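K.L.:
One structure, as structure tokens, below. Some questions next.
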Amino acid sequence: ILFNANGNILISGYFTGGSIRFDVSKKLYRNGLQDIFIAKFDVDGNLLWANNYGSNDYYFNSASMVSDSAGNIYVAASNSAYYTELIKIAAADYTLWNYSLYVDCRKLAIKNSHLYLTGYITGTQCFGDILLERNNFHFNMYLACCDLDGNFLFSWERYNQEEAMRQSNGANIEDDSF
């Protein structure tokens with residue numbers, strides 16, 4: 001559940017059946033093997049819009065969402081094959097941009113007009129022109145940052161030899177120095 005700056009309520013989830021109905025006027029039909037959905041409601045619980053995202057190649061099973069001050073929504077739709085669709089959706093429900101990333105994105109955060117992503121990487125990934133390469137046989141945690149137009153500014157990855165599996169499951173952006 002996400003509350004945006006206007007008090008609207010956004011929910012996300014996934015469905016595997018052929019369709020999912022939100023009310024008598026809105027029914028979504030699955031595009032892929034397992035789609036995520038995003039639905040937006042006003043403060044009184046009335047459906048404003050609902051949409052789904054999927055691929056014939058992937059089972060999407062989780063979505064992290066954040067909203068900026070303009071009401072745009074940023075979604076990281078991940079699957080169990082370490083693949084993420086990073087999507088920016090306008091407040092009026094149309095896609096502004098999206099990226100296909102070969103990482104597992106566990107969490108998104110917005111701070112000072114920057115979008116931060118964290119999770120784990122299992123191979124090589126370019127965040128814009130910035131290349132990250134996994135340097136071992138395990139999962140590496142990463143942090144990437146882009147502006148709200150989707151231009152990547154930096155990325156970072158780390159491996160800790162003391163643990164068998166390295167994952168970053170959350171982002172807590174507190175420092176104003178970013």
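K.L.:
Output the relative contact order of region 1-57, whole-number percent, from Cα pairs under 8 angstrom with separation of 6+ residues.
P.N.:
33
K.L.:
Straight-line reach from K107: which lysines have Cα under 24 Å away, leaving out those fewer than 8 places along the same chain?
P.N.:
Those lysines meeting the cut-off are K40, K88.
K.L.:
Just grab the label-to-label distance for N6 and N151, each label 7 Å out from Cα along the Cβ direction, in nm (one decimal).
P.N.:
Placing both labels 7 Å beyond Cα along the Cβ direction yields 2.7 nm.
K.L.:
Report the relative contact order of region 83-155, percent, no decimals, based on alpha-carbon pairs under 8 angstrom and at least 6 residues apart.
P.N.:
Relative contact order comes out at 24 percent.
K.L.:
Need one number: nm distance between label points at Y94 and N112, each 7 Å from Cα along Cα→Cβ, rounded to one decimal.
P.N.:
Between Y94 and N112, the label points sit 3.3 nm apart.
K.L.:
Would you mind working out the magnitude of the charge dipole of region 1-136 relative to its Cα centre, with +1 at each Lys and Arg C-beta and -1 at each Asp and Glu C-beta, to the nearest 20 Debye?
P.N.:
160
K.L.:
Can you list the chymotrypsin sites (Phe, Trp or Tyr not before Pro) in region 55-115 that are in a DSSP coil and have 16 or fewer other beta carbons within 10 angstrom?
P.N.:
On the way: sites: Y58, Y59, F60, Y74, Y82, Y83, Y94, W97, Y99, Y102; in loops: Y82, Y83, Y94, Y102.
Listed in order of number, the matching sites are Y94, Y102.
K.L.:
What's the FRET efficiency of L131 with N56 using the Cβ-Cβ distance as r and R₀ = 25 Å, to the nearest 0.05?
P.N.:
0.35
Where a number appears in this text, it was derived from the coordinates with a stated rule and is not lab data. None of these values were measured; they are calculated from a predicted model. Ideal geometry is used to build each Cβ from the backbone, glycine not excepted, and the neighbour counts take in all protein chains shown.
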